[in-house]
Amino acid sequence: MKISRRVQGLLWFIFIMCCLTVMFVVMFFGTAWIYRIIGWTPPALVVQLINSVGGICLFGLIVTAIGRLFRSRQPIGEMRIYGPIIDALERVAKGDFSVQLENIFERQYHSMIGELINSVNRMALELNQMETMRQEFISNVSHEIQS
């Protein structure tokens, strides 16, 4: 069953609001417990501000922790795919135009990555041809100037 984007957005909104509510409740009981321990309760407005800011900060910390947990697995797969492409482009930038990447994605579902690899290979080949022409031109000009 496919859920429309609008329904997905609504579900995410409800989920985030529920999480924020839980964080505010945690902060409310946490600060009430701390006030009981220290034996002092600030004015109601200050308590509300502390609970609100604390709840938002707690929500941000949890979202950041979850994001880092899931993001830590992502770059390994990406670097396996994009690492050789980045290395090849760095070599081309340094003047090594003999770059030739193996395209293992040509017939797979990664067709955009295959196109990117083919483009890098084409670019390196054309730059290599241009460099050869440039060197021949400089050689011919140098020969003509000498004679």
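The values are calculated or read from the model by the stated rules, or taken from the named source; none is laboratory data. Please read these numbers as outputs of a predicted model, since none were measured by experiment. No Cβ is skipped: glycine too gets one built from the backbone with ideal geometry, and neighbour counts run over all protein chains shown. In case anyone asks, the SASA skips ligands and DNA or RNA and just uses the protein heavy atoms, side chains included. Shrake-Rupley method; radii C 1.70, N 1.55, O 1.52, S 1.80 Å.
Among the residues of the stretch 1-46, count how many are over 38 Å from the mean Cα position of the chain (by Cα) and of a type outside the set (S, T, Y). Matching residues across the stretch 1-46 total 13. Here the stretch 69-92 is the region considered, the condition is being modelled with pLDDT of 75 or more and among the acidic types (D, E), and the residue that is farthest from the chain's Cα centre (by Cα) is E90. When the stretch 34-63 is filtered for residues that are loosely packed, with under 10 Cβ neighbours inside 10 Å and among the aromatic types (F, W, Y), only W40 remains. Here I66 passes the criteria (1) within 35 Å of the chain's Cα centre (by Cα); (2) open to solvent by 90 Å² or more (accessible area, probe 1.4 Å); (3) free of Cβ contacts under 8 Å to residues at least 24 places away in the same chain except the one numbered (2).
Restricting attention to the stretch 1-44, the residues being over 15 Å from G55 (Cα atoms) and touching a Ser or Thr at 6+ places or on another chain (Cβ under 9 Å) number 1. Tell me, yes or no, whether the stretch 113-124 has at least one residue that is open to solvent by 70 Å² or more (accessible area, probe 1.4 Å) and at pLDDT 90 or above. The answer is yes; a qualifying residue exists.
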